[in-house]
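> Next up is a structure, given as structure tokens.
The values are calculated or read from the model by the stated rules, or taken from the named source; none is laboratory data. Source: prediction; values computed, not measured. Cβ placement follows ideal geometry from the backbone for every residue including glycine, while neighbour counts extend to all protein chains displayed. Surface accessibility is based on the protein's heavy atoms, side chains included, excluding ligands, DNA and RNA. Shrake-Rupley method; radii C 1.70, N 1.55, O 1.52, S 1.80 Å.
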Amino acid sequence: GKKRAVLLLAGRDLPRLALLDDGEKERAAVSVDEEGSPALDLMDERGVTRVAAGLSRQGSVALSVADEEGRQRLNLGLLSDGSPRVTLQDEEQRVRASLFLDASGAPGLSLAGATQGRLATLAVLGSGAEADPAGLFIKDEAKRSRASFTLDGDGAAGVQLVGPQEASGLSLASRGSRGVEIAADRAPAAPGAPAASARLGIGEEGAAALHLAGQAEGSSARIGVGAAGEPSWTLSTPEGRLEARAGPTPRWSIVDGEERERCTAGLDAEGAAEILFLEKGGACRAGLGTARDGTPYMALRDPRGRSRVELQVPGEGAPHVGLRDGEETPRLWLGLSADGVPEVQILDAEGRPVLTIPRR
């Protein structure tokens, strides 16, 4: 009769069972390799392996389907960690598409370009955690992520676009239920140097801000509107920053490089304006402004912030200069009356006049 099956020990005593067709051509084979991994091969009439299945010693399982030329075109596998995977290959046996689940159970889909010179991959990845968001990723031939659409476990969505060589990028991200941010970045000019960036965002409470950062260390600008509608802006350099805000009591400030406020100006709720100059220790040493009745004034203060010298021009137009003691009690006044007559007044420790020139 015809030979229909062959059982033999191949090289190094490896067992192999082959099943033959009517023409005694091998159509199926079961074997065990040197590592003890079993395999099953199914061949067509020409002896080309069209289906192959195997189990590795590490526990992974693989099934591949080949075309008439024996080129693998479809692969089904189960990795050693239990992750299933299906891949499709073109005639050059390049992987063009794959469908998989990772170890956490998150599904993924990968699509590759036709040439290695312009490979792009689109994948659905991630467990949804903040550090591993679910999303779609497009990658270039170097497998660098160039575009992504993500969604983390808190429901925050994001879009990111990255330029060639990762030199620049643009991103759009949602923050919580109402917040959103648009950001553009350019890589630093040298390793370790700051990166230029621009960010426009709206917080969950409705506050909006635009933040610009240059490639010079510590240089930035910010303009924003608070949740209550009050606008503000900040200009910063390593040497200090200038801040301003508007509202019922608008004010601006100059802050030095050590975060100490050195100059501030503003209006109170009744329209009185003032400019204050502060020393490094925080004490106000000089002030310039207008009182609520419109009287302009200038005050010089001692290291403890107490007013010691004052210059005023009241509404009737009679200017005068006042000197105060350490308790801010007036002790000497120099001035002109409304009709232009000069006056000098000396006061005691209680602020009572003891001498007036000319005498009244």
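> Using a Förster distance of 45 Å, how high is the FRET efficiency between ALA190 and GLU327, based on the Cβ-Cβ distance and rounded to 0.05?
My answer for the efficiency is 0.15.
> Enumerate the residues in the range 323-346 having an amide nitrogen under 13 Å from the point lying 7 Å beyond the Cα of VAL354 toward its Cβ.
What the label zone holds, given the 13 Å backbone N cut-off, is 331-332, 346.
> When the Karplus curve 6.51 cos²θ - 1.76 cosθ + 1.60 is applied with θ = phi - 60°, which whole-Hz ³J(HN,Hα) does each residue of the range 51-59 get, with x for Gly and Pro?
9, 9, 9, x, 10, 7, 5, 7, x
> Moving on to the next point. For labels at VAL341 and ALA269 in the simple 7 Å Cα→Cβ model, what's the distance in nm?
Each label point is offset 7 Å from its Cα along the Cβ direction, giving 4.3 nm.
> Further question on the same structure: Out of the total accessible area of the range 152-230 (probe 1.4 Å, heavy atoms of protein only), what percent is carbon and sulfur?
The computed percentage sits at 59.
> Sticking with this structure for a sec: In nanometres, what is the gap between the two model label sites at LEU9 and ALA228, each 7 Å from Cα along Cα-to-Cβ?
9.2 nm
> From the backbone phi of the range 262-272, what are the Karplus-calculated ³J(HN,Hα) couplings (6.51 cos²θ - 1.76 cosθ + 1.60, θ = phi - 60°) in whole Hz, Gly and Pro given as x?
Calculated HN-Hα couplings, in order: 10, 8, 8, 9, x, 10, 8, 5, 9, x, 6 Hz.
> Read phi for every residue in the range 67-72 and hand back ³J(HN,Hα) as whole Hz from Karplus 6.51 cos²θ - 1.76 cosθ + 1.60, θ = phi - 60°, with x for Gly and Pro.
Listing the rounded values in order: 7, 5, 8, x, 7, 5 Hz.
> How much length, in nm to one decimal, is gained on full extension between ALA157 and VAL30, taken as 0.36 nm per residue of separation minus their Cα-Cα distance?
Taking 0.36 nm per residue and subtracting the Cα distance, the gain is 40.7 nm.
> Which residues in the range 236-253 place their backbone N less than 19 Å from a point set 7 Å from the Cα of PHE277 along the Cα-to-Cβ direction?
Under cut-off, by backbone N: 240-243, 252-253.
> Per residue, how much accessible surface does the chain expose to a 1.4 Å probe? Answer in Å², no decimals.
61 Å²
> Something else about it: Using r as the Cβ-Cβ distance of LEU235 and ASP44, and R0 as 51 Å, what FRET efficiency do you calculate, to the nearest 0.05?
The pair LEU235/ASP44 has a calculated efficiency of 0.10.
> Subtract the Cα-Cα distance of LEU20 and GLU259 from 0.36 nm times their separation in residues, and report this length gain in nm to one decimal.
Details: separation 239, 0.36 × 239 = 86.04 nm, distance 8.70 nm.
Gain on extension, LEU20 to GLU259, equals 77.3 nm.
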